[in-house]
1. Given the conditions (1) free of Cβ contacts under 8 Å to residues at least 12 places away in the same chain; (2) outside any loop (DSSP other than H, G, I, E, B), which single one is not true for B:Ala247?
2. Would you mention how many residues in the range B:602-617 are within 12 Å of chain A (Cβ to nearest Cβ) and either in contact with a Lys or Arg (Cβ under 7 Å, 6 or more places away or on another chain) or among the charged types (D, E, K, R) (or both)?
3. Could you list all residues from the range A:385-408 that are in contact (Cβ under 8 Å) with a residue 24 or more places away in the chain and among the acidic types (Asp, Glu)?
4. Select from the range B:67-93 the residues that are of a type in the set (Lys, Arg) and either touching a residue at least 60 places away in the same chain (Cβ under 8 Å) or closer than 18 Å to B:Arg13 by Cα (or both) and list them in ascending order.
5. Across the range A:141-159, what is the total count of residues that are more than 10 Å from A:Trp191 (Cβ to Cβ) and either facing another protein chain (nearest Cβ under 9 Å) or modelled with pLDDT under 95 (or both)?
6. Check B:Leu149 against each of (1) in a strand (DSSP E or B); (2) within 23 Å of A:Val364 (Cβ to Cβ) and name the one condition it does not meet.
7. Check off (1) surrounded by fewer than 15 Cβ atoms within 10 Å (Cβ to Cβ); (2) more than 28 Å from B:Gly428 (Cα to Cα); (3) at pLDDT 75 or above; (4) not β-branched (Val, Ile, Thr) for B:Asp94 and give me the number that stays unchecked.
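The values are calculated or read from the model by the stated rules, or taken from the named source; none is laboratory data. The model shown is predicted, which means the values in this text are computed figures rather than measured ones. Note that we place each Cβ from the backbone using ideal geometry, even for glycine, and neighbour counts take in every protein chain shown.
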There are 2 protein chains.
Amino acid sequence: MSALAGAPRRERRFEVTFCPERESVRVPAESTLMDAAKTAGVDLTSPCGGDGLCGKCRVIVRQGNVTARPTSLLSREEIRCGYALACQTTVTGDVEVEIPPESRAEAAQILIDLDAQRFRALHPAADAIEVRHAPLVRKLYLELPPASLDDNLSDQSRLFREIRRRHAAPIIQLGLKVLQALPRILRQANWKVTVTLGWRGATLEVLQVEPGDTSVRNLGISVDVGTSTVVAHLIDLDTTARLDAEAVYNSQRAWGDTVIRRITHAATPGGLDELQESVVGDINGMISALVERNRIAHHDITAVTVAGNTTMTHLLLGLDPGPIRRSPYVAPSTAPPPVRAVEVGIKIHPRGLLYAVPSIGGWVGGDITAGILAVGLRRSSAVQMLIDIGTNGEIAIGNRDWMVACSSSAGPAFEGSGVRHGMKAMHGAIERVEIGPEGNVHYRTVGGTRPRGICGSGLIDLVADLRKVGFIDRSGRLVSGATPRTRERDGALEFLLVPASRSETDQDIVVTQADLTNLLSAKAAIYAGSQVLTRAVGLDFGLVERVLIAGGFGNYLDREKAVAIGLIPDLPPERICFAGNTAILGANLGLLSRDAWEEMHQIAESVTYYDLINFPDYYDEFLAARFLPHTDLGRFPSVRQVEAVETGA
Amino acid sequence: MSALAGAPRRERRFEVTFCPERESVRVPAESTLMDAAKTAGVDLTSPCGGDGLCGKCRVIVRQGNVTARPTSLLSREEIRCGYALACQTTVTGDVEVEIPPESRAEAAQILIDLDAQRFRALHPAADAIEVRHAPLVRKLYLELPPASLDDNLSDQSRLFREIRRRHAAPIIQLGLKVLQALPRILRQANWKVTVTLGWRGATLEVLQVEPGDTSVRNLGISVDVGTSTVVAHLIDLDTTARLDAEAVYNSQRAWGDTVIRRITHAATPGGLDELQESVVGDINGMISALVERNRIAHHDITAVTVAGNTTMTHLLLGLDPGPIRRSPYVAPSTAPPPVRAVEVGIKIHPRGLLYAVPSIGGWVGGDITAGILAVGLRRSSAVQMLIDIGTNGEIAIGNRDWMVACSSSAGPAFEGSGVRHGMKAMHGAIERVEIGPEGNVHYRTVGGTRPRGICGSGLIDLVADLRKVGFIDRSGRLVSGATPRTRERDGALEFLLVPASRSETDQDIVVTQADLTNLLSAKAAIYAGSQVLTRAVGLDFGLVERVLIAGGFGNYLDREKAVAIGLIPDLPPERICFAGNTAILGANLGLLSRDAWEEMHQIAESVTYYDLINFPDYYDEFLAARFLPHTDLGRFPSVRQVEAVETGA
């Protein structure tokens, strides 16, 4: 019929069915399986944001036609079995696809929720340094002398007078809403009220006036906003007790696992809002869980401190991080003012305040400021070094007289990204590895379950022991024929860590040559950064009294093996300490102590930031450090000794 | 039919028709004519709020049945002619009512709009005292050094550094919204921006950052919020020029003409909101008129200062004024913090600030603080006295070393309320009166039109001259038979000022014995207050170097006649000055000078408030002052001399 002649050409569409739930969607031809999964509401992990770099969105094509771009992140065997990267595979017919559990974002989320139990058990006390107890937001019960003909100050002045009797507060601010409610509350409560006071720099703000004595309930939340993981602690601001903790993945990883990818997405229309809402959602989710579990109310929480790298802090506050990655690499704000938490969407007391730990520069953020405070770097007469190994690796050196810091773009290999079977230190992750001279492998998983993959500390052990037994050479290359576990797949060598029969995923868990190359680059970046920074201030490692390793990662690290692979300088074990998650420890201290909060501002202002791109020798150092432990064995005498012994020299 | 048996009994209703517009409404029996007028949307003046005390809601009942409560505010002749007070008259049948022009609120509004022309012509300069030009909100054009690898401060710190190079500002605050826009604006504008900076106490807030140089346009509004009249000036904050002015009646007068009535209404459900919206509407109306006439935009206005008595300030800010009128008479706030103008609904720049001049106490408000600043009382070595005659009469005495103040509840007689033909100094108001010995009356009206009534300055002249020619005795009683103009009506004497044939209203304009009694009470309250306050500090009037009369009223006052009736102390004319509307002069100075603003805070804190109820001799003084000029003629030697001459002694 002629009526159809003008109809638009029908777009070709194919049906994609996801198993085991058998969720079906119709998508246009040339859609990727990742697009189809999004349409179906199936949440795949995608740390690299769909660029085919991380290899985490593995699916199994059971039936139908697809076209896959070549990738080194899958073995030929896997490809034969139907494995494909969802983001690199387009549909060319109706397809049935199976999603293995490890590729599901929601599964990861559930695991990390369980994992919070572990986080909770760690960090027994934040008392590495002593600070005066003077919380950023405090509740004060006041019994005002009632107004009388002889004492006829206004309500506002009467309140301020009483606050000043208890508090050194030269400047007190008061919002109109609080002032409007004041006369009624004072009289109904017979002049006995609780004021909630929040510091904004040198100014004390009256956030709320409540009838009677409610001072017993005053809670705060500290948050470590990591690029990968967001951790929250619930703190009693009155007793200083840490009541509970939560941890979740940063949902922003849907847009990529690195800071750079987040900055790139923030530059797209609506991108900044999406990223902000995403991390705010994560924080609100944790707060709700903490509120429910501890039987408190959202309005009992009056303050939130946040430590994050500079970009994470910007995204949380809705600040454009774009200038951070363009020369001259300045941040819009390194010391954002306290804001009302509700202004960014965080659900606590409606007038509660959100405090962001100040950053040192665009690439050394509030997490490092918090860390420097927490480990007491600024208070020590001896020189100390803080190495925070996260998605980036930041290094700070100094003492009470001077401090310097830099950032090395180590990449997220130690967080499990860019490593075929890498994963975070969650249930089922191999966290310890020992390889005997005959190639027998011993390992321990988080939670003691069957292994699903391997996390950072396991990877360090693995590299150290592969080298120790000679299965890899000093440049990190697998030695062909050294052990039956080393085998060739798809034209490259790989080491079989756990056979499919023993793994949770019914797949072999291997470490490939590409994985080893990535790990060596990551450790080289961190070591080279430490080296360049130390030399830039005219020191050498021998003059560093203590090296403090920070990061969620650091809790499981074998110090000697970390030295053995050349990740950290070769110092005696007693001079290497694990400080844990120093970002959240510092955020806790700030929450509990205005002095600590001020000290973090002094730290952020006084640390000299060294941009490694200004050091031409950094790249040489990096190349030299891409060996095990280093090109220059003289720098690792303890390792040289072992090497000498083991090679029978 | 049984279906109708349960129907509610029909309420009896009557039709009320208002002339000349012939607007008809049906109202329930026993409604007052005031209720009917409200229902019909006919806006009657009602300064007393419907209590039958002011006599301003006069209407003429042309036909039909009404019941009127007895009132002394209408003559029998008037009652015979059908005059009635709308608030005291209930309908008992269908009625036709005429509303004379002087009873219409909207007419009054139109008149005062014209009258603003006069206000504008007054107050040639606010330069009575010298202050440093440093506006509360200032625009600053900055050319920032662009960020570079060598100078890689964050955007925020770069901005603050440049502000501090130009401004002593220890504490700078910045809202999240401004910070969020900062990186884009700085770069788009090539680091050349205009910042709008507003002081909040010792803290400087960055209200806005705009690209390029917009510093040429920065305007402020100063407002005198009087109980009766609201006046606004438009000020160029850069050049200090006063560009324009507006004045309107305070719409709150619909709920009564005194502070007490407003406080009472604020205590009713929704009352505080109604009062706030009402005065905010007045201010917004004036701002719109100023914006339109001067071809500016609302967002060019960045600051508003407001001087008002304590209750007016509370109502504007939405603060409950209730405690002011209950023992121990404390105000909720005497120094409210600056707030964003939009928070109370005032339409200027969305981040512009509203500053309320601090009050001295519950009954001596920011208008007096502003007045004390404007007349230089605090800077003078000699003792001076400021008398502000408005709806209340406030008195301040002091010099640079000490200051005291009190409030005497003089009532609004000098503003035309509670006086049969009293009115404000608007077109048609008799503002000057002279009575010859033979009883011939000369008068001058505002605008030179036919008289409609008599305003404060005319009333002072009238009382002074009635006494001078002996038509009233020293106690203010009309002397029967002294002149044909004195006649009896309704059992009391009255003086015929203007016969109906010459008046605009076609009615006789008279002053009744009740009017004279009210006026004597008002002047006695003010004099007694001055007297008690002066004595309380151990002085007498002779030691007061200068008496400054303030109030819109004061501009037309005949100094010698004001002394002759005993309103102000008997000092030589050169020691009595008219200072005009000192409230708005002080508000202007505060807007233009942060120093002046701080000085007002020092004034508000350092003035000692004397509550006259604590002085038992106040009432005796008041009674003694209810004579002309005073019981004790020794206090008024200049008047005694005249009296002696005129009585031939």
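1. (1)
2. Of the residues in the range B:602-617, 2 are within 12 Å of chain A (Cβ to nearest Cβ) and either in contact with a Lys or Arg (Cβ under 7 Å, 6 or more places away or on another chain) or among the charged types (D, E, K, R) (or both).
3. Result: A:Asp388, A:Glu394.
4. The answer is B:Arg76, and nothing else.
5. Residues in the range A:141-159 being more than 10 Å from A:Trp191 (Cβ to Cβ) and either facing another protein chain (nearest Cβ under 9 Å) or modelled with pLDDT under 95 (or both): 9 in total.
6. (1)
7. (1)
A quick yes/no check of all residues on (1) among the acidic types (Asp, Glu); (2) not in a strand (DSSP E or B):
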{"position": "B:Phe18", "(1), (2)": "no, no"}
{"position": "B:Ser24", "(1), (2)": "no, no"}
{"position": "B:Asp35", "(1), (2)": "yes, yes"}
{"position": "B:Val42", "(1), (2)": "no, yes"}
{"position": "B:Gly49", "(1), (2)": "no, yes"}
{"position": "B:Ile60", "(1), (2)": "no, no"}
{"position": "B:Pro70", "(1), (2)": "no, yes"}
{"position": "B:Glu78", "(1), (2)": "yes, yes"}
